[in-house]
Amino acid sequence: MKNKFLPIIIFLLLLWLAPGMLQAADNEAGRSGGLSSEDGRDRLPVYLYYADSRYRFLTGEARVFPPADDPVSHCRMLVEALAKGPSGDLIKTVPDGTRVLAVYITGDKTAWIDLSRDVTTGPGGIRSEIMALYAVVNTVVLNMPEVDQVKFLIEGQEAETLAGHIDIRFPFKANILLIR
């Protein structure tokens, strides 16, 4: 019975969040001089997800990127930008030094993201692992219609966990309940 209302709750939550997210994109576009790049191609507004000041939720930081040539390049660009950290007051979730080694997108809309071993050296604890995982997953899935889920690899290999807590042997879907 409780699962019957979950899609309705999620839909209402998205309706409630959408105006603020669209306003943030408009503000970011205004600061960047519009949504056209120097070569006249449209620029893409995206949200990179970082932790809030209490490290309880993820918050989208609006950015505007030039369009990528293909979905794999776009996915790589998103994760690399996320790994560099926020430009505002939000808290970085991906450990320093983490590099994107490879990105693949399969026909079932799974993005396979291969990260350097540095991703396993974060501050530790289940909360930081959840935030790091879902910062990547939400950034990719919520900005790319070509991707429904993310599978992590570390140094080209499947791993059981990222930092000892969360099972990463299976793909992750976006978790909008972590977003505020």
- Within the stretch 127-153, which residues are buried (at least 21 other Cβ atoms within 10 Å of the Cβ), closer than 20 Å to G97 by Cα and among the aliphatic types (A, V, I, L, M)? M131, A132, L133, A135, V136, V137, V140
- Task: Within the stretch 119-137, work out how many residues are in contact with a helix residue (DSSP H, G or I) (Cβ under 9 Å, 6 or more places away or on another chain) and not aromatic (F, W, Y).
- Result: 7
- Answer from D118, D96 - the residue that is surrounded by fewer than 22 Cβ atoms within 10 Å (Cβ to Cβ) and assigned to a loop (DSSP other than H, G, I, E, B): D96
- What is the number of the single condition among (1) under 20 Å from T161 (Cα atoms); (2) hydrophobic (A, V, I, L, M, F, W, C); (3) at pLDDT 95 or above that I126 does not meet? (3)
- Residue check for G124: surrounded by fewer than 20 Cβ atoms within 10 Å (Cβ to Cβ), out of contact with any Pro (no Cβ under 9 Å at 6 or more places or on another chain), of a type in the set (G, A, S) and closer than 21 Å to F57 by Cα: yes
- Item | Residue count, the stretch 123-180 (criterion: in contact (Cβ under 8 Å) with a residue 24 or more places away in the chain and part of a strand (DSSP E or B)) | 9
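The values are calculated or read from the model by the stated rules, or taken from the named source; none is laboratory data. Bear in mind that the values here come from a model prediction, so they are computed numbers and not experimental data. Counting neighbours? That spans all protein chains shown, and the Cβs are built from the backbone with ideal geometry, glycine included.
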